[in-house]
Amino acid sequence: MAGELREKAQGLPQLPGVYLMKDEQNQVIYVGKAARLRNRVGSYFVGAHDTKTEVMISKIEDFDAIIVESEFEALILENSLIKEYLPKYNVRLRDDKGYPVIRVDVQSEYPVFKIVSSAGDDGALYLGPYGGRQDTRKAISAVSKALKLPTCGKNLKQMIGKHRPCLNHDMGNCRAYCQKAELADDYRNAITAAIDVFQGKTGSLVKKLTKEMNKASDDLNFEAAALLRDRIKAIKVLEQKQFFTEEPIEEHAALYKEKVLKTHQWLEKAMMLESTPERIEAYDISNTGSSDTVGSMIVFDKGKPVKKDYRRFKIKSKRGQDDYASMTEVVSRRIKRYLADDEKFSTLPDIMLIDGGANHASVIRKILAELGVALPVFGMVKDDRHKTRALVSPDGEEIGLAANPAVFALIGTIQEEAHRFAVEYHRNLRSKTMLNKDSKKESGNESNKRKRKGAQAEGADGDQHKTNER
């Protein structure tokens, strides 16, 4: 089971998200978040862990993952899902300390955000709970900076007018409410806005602040209008990151599908296709010099890897290190198997992606034409850091990806997966080759030893005969 789960984890993208571990009854037993899903989820199924984690891992039969836009969105989604499913191992793996909450004493003249272990019955407002103290501190810091609230932790009421503004004000992260008592009302308004952000009420908040900004502008109070304008911009940035959400998992799944559709629609427009592509095949070549050259074919459908449709090819042609010839052989064999009604190759892709540039794509387009199959072919071009920067047509027309993060992430993930699958197969073949060589060498050594022993015995017999003759 661990091997199957490890393989499933390898199909996850290196993107932020939340994962849900499930037991044999399909019950969620643990919810976690990750900046890179593939690395984090895969780590559970390799190496050693502490006792508590090992116990939890032994119960895992399957897992689900939800991709999000940012680490902050993952933080809040993790919180939402923990409250929804109450997974028993979350608390156990946190040493029974529970989850932190944010306390705001709204009755105070200068309310502040504090992290506490649990909600109390003291008239204060409590937000959360959240998955960990460090993540909660990050959330408070981000919202405070966006709304220019102080994070120094000092008592503002006692500080009024007694000190110069601190470095946070000089850096534009704080409005220096400690300088004037007249700013107390504005401070409370900023705290109220922050609370609304934590509670996911950004839409209504922006409308409210926009109305106030327009009124301030009509009253020629341009300083207040500018402050409200900046606050609206800050909140919109947080909203675009989908900072906080209380949506159930089903809605997030629907949102993910919508994002995938938009990504593929972007490809349709950029590639000038007749319809929105869903199934994508990608190819890569791996070798060491001219030995054990292999090719990989991986498949993504609607943004997800389809492992059962992955195929591996051992290059048969002996042309040395020739990526063009190797890629031609791989694609040619794949298409010929399709034309022969081979069930394992029965579905053609909507797009064929080749590791390489325009020349690689041109070679493949030519072989497809010779076989009577028409498919859109594009090369995947890497930058100096080996990251996919663009797609290129056989005619050399580039499609830049940096402007669309979702497309950039999808194509990058596809290229990485094609490379990983090819390298993995190549290493396996190399290991077998080395074992065979060692076995033959050992067999040869044994044969030589036997021959030497035979010669020695024959020599000894000859000497004995001579002695007898004498």
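Taking helices (runs of 4 or more DSSP H) that do not extend beyond segment 132-182, which have at least 2 residues that are surrounded by 13 or more Cβ atoms within 10 Å (Cβ to Cβ), of a type in the set (K, R) and free of Cβ contacts under 8 Å to residues at least 24 places away in the same chain?
Values: elements: 133-146, 156-159, 167-170.
Counting at least 2 such residues, we get no helices (runs of 4 or more DSSP H) at all.
Out of (1) farther than 26 Å from L127 by Cβ; (2) in contact (Cβ under 8 Å) with a residue 24 or more places away in the chain; (3) out of contact with any Leu (no Cβ under 6 Å at 6 or more places or on another chain); (4) part of a helix (DSSP H, G or I), what's the single condition that is false for K83?
(1)
Mind listing just one residue for me: the one in segment 100-120 that is in contact with a helix residue (DSSP H, G or I) (Cβ under 6 Å, 6 or more places away or on another chain) and assigned to a strand (DSSP E or B) and, of those, surrounded by the most Cβ atoms within 10 Å (Cβ to Cβ)?
The selected residue is F113.
Give K52, K8 a once-over and let me know the one that is modelled with pLDDT under 90, among the basic types (K, R) and crowded, with 17+ Cβ neighbours inside 10 Å.
K8 is the lone residue from the list that is modelled with pLDDT under 90, among the basic types (K, R) and crowded, with 17+ Cβ neighbours inside 10 Å.
Identify all residues within segment 353-374 that are in contact with a Pro (Cβ under 7 Å, 6 or more places away or on another chain) and of a type in the set (A, V, I, L, M, F, W, C); write none if there are none. Working first, answer last.
Filtering segment 353-374 for residues in contact with a Pro (Cβ under 7 Å, 6 or more places away or on another chain) gives 358, 361-362, 365.
Selection gives A358, A361.
For segment 377-384, does any single residue satisfy the condition of being within 18 Å of E268 (Cα to Cα) and in a loop (DSSP other than H, G, I, E, B)?
Looking for residues that are within 18 Å of E268 (Cα to Cα) and in a loop (DSSP other than H, G, I, E, B), one finds none in segment 377-384, hence no.
The values are calculated or read from the model by the stated rules, or taken from the named source; none is laboratory data. The model shown is predicted, which means the values in this text are computed figures rather than measured ones. Positions of Cβ are generated from backbone atoms using ideal geometry, with glycine treated the same way; all protein chains shown enter the neighbour counts.
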